[in-house]
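The values are calculated or read from the model by the stated rules, or taken from the named source; none is laboratory data. Note that the structure is a prediction, hence the values are computed from the model and not measured. So basically every Cβ, Gly included, is an ideal-geometry build from the backbone, and we count neighbours across all protein chains shown. These accessible areas exclude ligands, DNA and RNA; they are computed on the full protein's heavy atoms, side chains included. Shrake-Rupley method; radii C 1.70, N 1.55, O 1.52, S 1.80 Å.
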Amino acid sequence: MESIYYVMAWACHRKCKHCYDSRFRPYVRGALDEVVQEAKANHVTIVDHFPEDMTYLDLEDPQPDGSFPRKIGRVILSGGEALLDAVRETITYPVIERLNARYAKQGGIKVVVQTTGDLLTDQIVAELLERKVYMISIASVDDFHVGMEGEAKQHAFMDRLSAMFERHGMHRSGLRSTTRNWHEEEGPLYSFFGATPDAWIGKLWPRGRAWENSLPRSNISDNFCNRWSGGLNFLRHQFNGSEVSVEANGNVYPCCIKTQMPIGNLLEESLIGILDSLVGIPAFEAITSGHPERMGITHGWDEARFIEASNTVLPDGTPYQNLCIGCDRFHETVLGPIIEQAKAKRLGLQTPVARKFSIQSV
């Protein structure tokens, strides 16, 4: 598989108004202990249910003999804030070490640590590099992060961190974070991005506090699904372009934005088993092809109905339309039982419908 985006813990030292998940926030005392213990208790099982092989065939890079190169994939470790004192040594470092051990025989794994960057020190950078981290990705360079408003502050922040990274022998990525293959450069690397107008996340997903604060400016033409960090190609795990998102509780989603319901849980079963069980199901084939508006065609939801279902109103009363809203409503209306049936089949269980049928047939 090419890419896994793993949200290891919900704890963060910020409560940004544009965040796509309201669970990312400061926690204190017992609440902090609870989210840290959840992450600590779950990470071993979650990582052990990652694919046995984190390599993929890159169909976009054919070789002279017509074959395709097998490349090493990446795991992006995020939060919350992966470098919080309460998280860093108890969860982030053990996860990195477990990933390195798990994939050592296949040539390693490219581990990316995503962070706001303001907690980084020379010591932390050194500790990450000692654990063979491939990239440190700074995800806070935008006006939404308090203290980062305006180009002057952003440039000063990037200059300070760049000097720190380069003291440790790192170099800046030459590829934009919006490109699929940014992990193919020689590491160790550092990079900067944020919710800026030139980035695909700049229009903000209709999720979390961004939604609560009526901030999304995306519309029906912004198909977040039709790109590598959306649902595009998520089922084609053997090849380039496949990525899924995994939460601290083990839930799996076909995109970073996250569908209304998870497609499975890594505390119960393997990631590849989950993905392979969804192959051929029309709704998920539509997502993996980047056309969520076709999710419901076999269920009486033609594209016109899906697009109509994509209309809603932001909390401040502004009319809003985006395909993510139609996807949410299709999940709520139709897809829930289909996901449950796929899970039951994987686990060898009977769904309530199947049990009823069985009893009536006897």
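Among the candidates V133, V146, the residue that is closer than 30 Å to D61 by Cβ and of a type in the set (V, I, T) is uniquely V133.
Taking the criterion of being small (G, A, S) and over 22 Å from E52 (Cβ atoms), the residues of region 94-140 that qualify are G117, A126, S137, A139, S140.
Whether a residue is touching a residue at least 12 places away in the same chain (Cβ under 8 Å), of a type outside the set (G, A, S), open to solvent by 50 Å² or more (accessible area, probe 1.4 Å) and not in a helix (DSSP H, G or I) was assessed, and P315 passes this test.
Look at (1) open to solvent by 30 Å² or more (accessible area, probe 1.4 Å); (2) more than 11 Å from A82 (Cβ to Cβ) and you find that L119 fails only one, number (2). Selection of region 330-347 for residues being farther than 16 Å from P282 by Cα and in contact with a helix residue (DSSP H, G or I) (Cβ under 6 Å, 6 or more places away or on another chain) yields only R346.
With the structure loaded, tell me whether I136 is closer than 24 Å to S245 by Cα, open to solvent by 20 Å² or more (accessible area, probe 1.4 Å) and hydrophobic (A, V, I, L, M, F, W, C) or whether it fails that test. No; evaluated as a whole, the condition is false for this residue. Condition check for I220 on (1) modelled with pLDDT of 90 or more; (2) in a helix (DSSP H, G or I); (3) out of contact with any His (no Cβ under 8 Å at 6 or more places or on another chain): one failure, at (2). For region 98-116, the set of residues classified as closer than 18 Å to A82 by Cα and open to solvent by less than 10 Å² (accessible area, probe 1.4 Å) consists of L99, V111, V112, V113, T115, listed by residue number.
For region 228-263, give me each residue that is modelled with pLDDT of 95 or more, at positive phi and open to solvent by less than 30 Å² (accessible area, probe 1.4 Å). Answer for region 228-263, where residues must be modelled with pLDDT of 95 or more, at positive phi and open to solvent by less than 30 Å² (accessible area, probe 1.4 Å): G250, K258. Within region 319-333, the set of residues being of a type in the set (V, I, T) and open to solvent by less than 60 Å² (accessible area, probe 1.4 Å) comprises just one member, I325.
Condition check ((1) of a type outside the set (F, W, Y); (2) out of contact with any Phe, Trp or Tyr (no Cβ under 7 Å at 6 or more places or on another chain); (3) in a loop (DSSP other than H, G, I, E, B)) across all residues:
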{"residue": "G230", "(1), (2), (3)": "yes, no, yes"}
{"residue": "R236", "(1), (2), (3)": "yes, yes, yes"}
{"residue": "N249", "(1), (2), (3)": "yes, yes, yes"}
{"residue": "V252", "(1), (2), (3)": "yes, yes, no"}
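When the residues of region 180-192 are filtered to those that are modelled with pLDDT of 90 or more and either closer than 26 Å to N226 by Cα or touching a His at 6+ places or on another chain (Cβ under 6 Å) (or both), which remaining residue is most open to solvent (accessible area, probe 1.4 Å)? Looking at residues that are modelled with pLDDT of 90 or more and either closer than 26 Å to N226 by Cα or touching a His at 6+ places or on another chain (Cβ under 6 Å) (or both), I get F192.
Being basic (K, R), in contact with a Lys or Arg (Cβ under 6 Å, 6 or more places away or on another chain) and in contact (Cβ under 8 Å) with a residue 40 or more places away in the chain is the filter; apply it to region 1-56 and report the residue that is surrounded by the most Cβ atoms within 10 Å (Cβ to Cβ).
So in region 1-56, the residues basic (K, R) come out as 14-15, 17, 23, 25, 29, 40.
The next check asks that each one be in contact with a Lys or Arg (Cβ under 6 Å, 6 or more places away or on another chain); those that pass are 15, 17, 25.
Now restrict to residues that are in contact (Cβ under 8 Å) with a residue 40 or more places away in the chain: 15, 17.
Numbers: K15: 12, K17: 14.
So, considering only residues that are basic (K, R), in contact with a Lys or Arg (Cβ under 6 Å, 6 or more places away or on another chain) and in contact (Cβ under 8 Å) with a residue 40 or more places away in the chain, the one surrounded by the most Cβ atoms within 10 Å (Cβ to Cβ) is K17.
Determine whether L128 is modelled with pLDDT of 95 or more, open to solvent by less than 10 Å² (accessible area, probe 1.4 Å) and within 16 Å of I96 (Cβ to Cβ). Yes; evaluated as a whole, the condition is true for this residue. Here R209 meets the list (1) part of a loop (DSSP other than H, G, I, E, B); (2) among the charged types (D, E, K, R); (3) open to solvent by less than 40 Å² (accessible area, probe 1.4 Å) almost entirely, failing just condition (1). Taking A31, is it of a type in the set (G, A, S) and not in a loop (DSSP other than H, G, I, E, B)? Taking the combined requirement at face value, the residue satisfies it. Among the residues that make up region 169-177, is at least one of them over 24 Å from the mean Cα position of the chain (by Cα) and either of a type in the set (S, T, Y) or open to solvent by less than 20 Å² (accessible area, probe 1.4 Å) (or both)? Yes: region 169-177 contains one or more residues that are over 24 Å from the mean Cα position of the chain (by Cα) and either of a type in the set (S, T, Y) or open to solvent by less than 20 Å² (accessible area, probe 1.4 Å) (or both). Reported count of residues in region 278-311, each being buried (at least 17 other Cβ atoms within 10 Å of the Cβ), touching a strand residue (DSSP E or B) at 6+ places or on another chain (Cβ under 8 Å) and not in a loop (DSSP other than H, G, I, E, B), is 0.
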